[in-house]
Amino acid sequence: MSERKTLVATFGFDIDFVLRRISGREYDKIILLSLKTPEGEKRVEKAYTTLKTVCISMGVDCALEWLEKNGFVRTIYSILSREAGEASVELYLTGGPRILVVSALTAALMLSSRHAEKINIVVEGEAFEKTWEAPLKTLKKLVALDEKSREVVMHTAVLRRTSLAELSRKLGLPKPTVLRRLRELVDKGVICKMGDEYLLCPQVDQLL
């Protein structure tokens with residue numbers, strides 16, 4: 001039996017983003033996160049009613065989760081924790097106001113490693129054909145790095161392929177120090193070693 005899949009999407013007045021995402025893809029549930037404001041509530045409800053009709057025709061559960069006033073991050077955190085405990089989750093951050101998108105990303109980064117394993121983040125270009133996808137567990141690895149490790153990662157990203165000697169020279173650090181950092185990053189699956197050279201592992205490379 002295949003694992004259930006849930007789409008959690010930031011949502012505003014435009015249903016096109018969500019429609020584009022669900023077209024040709026299979027989800028068991030769609031949850032729309034939206035800000036509840038006096039100015040926008042009716043427009044959001046109208047958009048949701050239209051989208052729900054499409055979901056019903058596809059046999060997919062659809063729900064609107066209102067976020068009110070303060071505490072956006074903690075509310076989204078609770079929703080993501082609940083859904084990741086029941087299914088794999090795609091967190092779709094293309095629609096809705098910026099404050100909602102930032103709150104959703106912050107909430108995702110605060111999740112436990114157990115829940116992060118179940119979540120993939122997706123952002124699509126609004127005026128061009130480009131999709132950015134990131135496993136949440138990979139993002140959390142990068143965010144958790146200390147300053148020196150981040151420098152090693154970003155210099156490796158810029159150089160694409162590099163050696164211990166070159167990194168040591170670029171960073172102005174002793175080779176033993178850089179080697180220790182590289183070994184730690186290899187163990188974490190952030191940097192990969194190919195012969196005597198180092199490069200970003202594939203999942204990290206596509207993010208940076």
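Qualifying trypsin sites (Lys or Arg not before Pro) in the range 1-49, where qualification requires a DSSP coil assignment and no more than 16 other C-beta atoms within 10 Å, comprise Arg4, Arg25, Lys36.
Geometric descriptor of the range 86-208, per residue, is 132 Å³ (volume of the convex hull of the Cα atoms).
Neighbours of Asp16 by Cβ distance under 13 Å: Lys/Arg scored +1, Asp/Glu scored -1, total -1.
For the pair Thr177 and Ile99, what calculated FRET efficiency results from E = 1/(1 + (r/R0)^6), where r is the Cβ-Cβ distance and R0 = 35 Å, to the nearest 0.05?
E between Ile99 and Thr177, to the nearest 0.05, is 0.30.
Measuring against 21 Å, Cα to Cα, the residue pairs Lys140/Lys170; Lys29/Lys188; Lys29/Lys118; Lys148/Lys175; Lys5/Lys118; Lys170/Lys193 contain Lys140/Lys170; Lys29/Lys188 as the ones spanning a longer distance.
Taken along the Cα-to-beta-carbon direction at a fixed 7 Å, the label points for Thr131 and Glu117 span 2.5 nm.
Residues whose amide H comes within less than 5 Å of that of Ile121, counting only those at least five positions distant or on another chain, are Leu91, Ala134, Leu136 (H built at 1.01 Å from N in the peptide plane). Remark: the Glu86-Leu208 segment gains 40.9 nm on full extension, using 0.36 nm per residue and subtracting the alpha carbon distance.
Rounded to the nearest 20 debye, the dipole magnitude of the range 58-173 is 660 debye, with +1 charges on Lys and Arg beta carbons, -1 on Asp and Glu beta carbons, and the Cα centre as origin. Of all the Cα-Cα pairs you can form in the range 1-78, what percent are over 20 Å apart? Tail fraction, whole percent: 32.
Here's the list of lysines a cross-link from Lys69 could span, going by alpha-carbon distance under 20 Å and ignoring same-chain residues fewer than 8 apart: Lys36, Lys42. Starting from the range 117-208, pick out the GluC sites (Glu not before Pro) whose DSSP state is loop and whose Cβ has at most 15 other Cβ atoms within 10 Å. Here the GluC sites (Glu not before Pro) that fit, given the DSSP loop and packing criteria, are Glu117, Glu126, Glu129. Listed values for the range 171-185 are Karplus-derived 3J(HN,Hα) couplings in whole Hz (6.51 cos²θ - 1.76 cosθ + 1.60, θ = phi - 60°), namely 7, x, 10, x, 4, x, 5, 5, 4, 4, 5, 4, 4, 5, 5, and x replaces Gly and Pro. For the pair Val143 and Glu41, a Förster radius of 41 Å applied to the C-beta separation gives a FRET efficiency near 0.75, rounded to the nearest 0.05. Here Rg/Rh (Cα atoms, Kirkwood Rh) was calculated from the structure, and among [x] 1.01; [y] 1.07; [z] 1.28 it sits at label [y]. Averaging Cα coordinates gives a centre for the range 2-17 and one for the range 115-169; these two points are 24 Å apart. Taking every C-alpha pair closer than 8 Å and separated by at least 6 residues, the mean separation divided by the residue count of the range 5-137 gives a relative contact order of 27 percent. Sites listed here are chymotrypsin sites (Phe, Trp or Tyr not before Pro) in the range 122-208 whose DSSP assignment is loop and whose Cβ has at most 10 other Cβ atoms within 10 Å: Phe128. With everything on Cα atoms, drop me the angle between helix 41-58 and the longest principal axis of the chain, reported from 0 to 90° to the nearest 10. Around 90 degrees separate the two axes.
Bear in mind these aren't lab numbers, they're just calculated from the coordinates by the rules spelled out. Not measured: the values here are computed from a predicted model. So basically every Cβ, Gly included, is an ideal-geometry build from the backbone, and we count neighbours across all protein chains shown.
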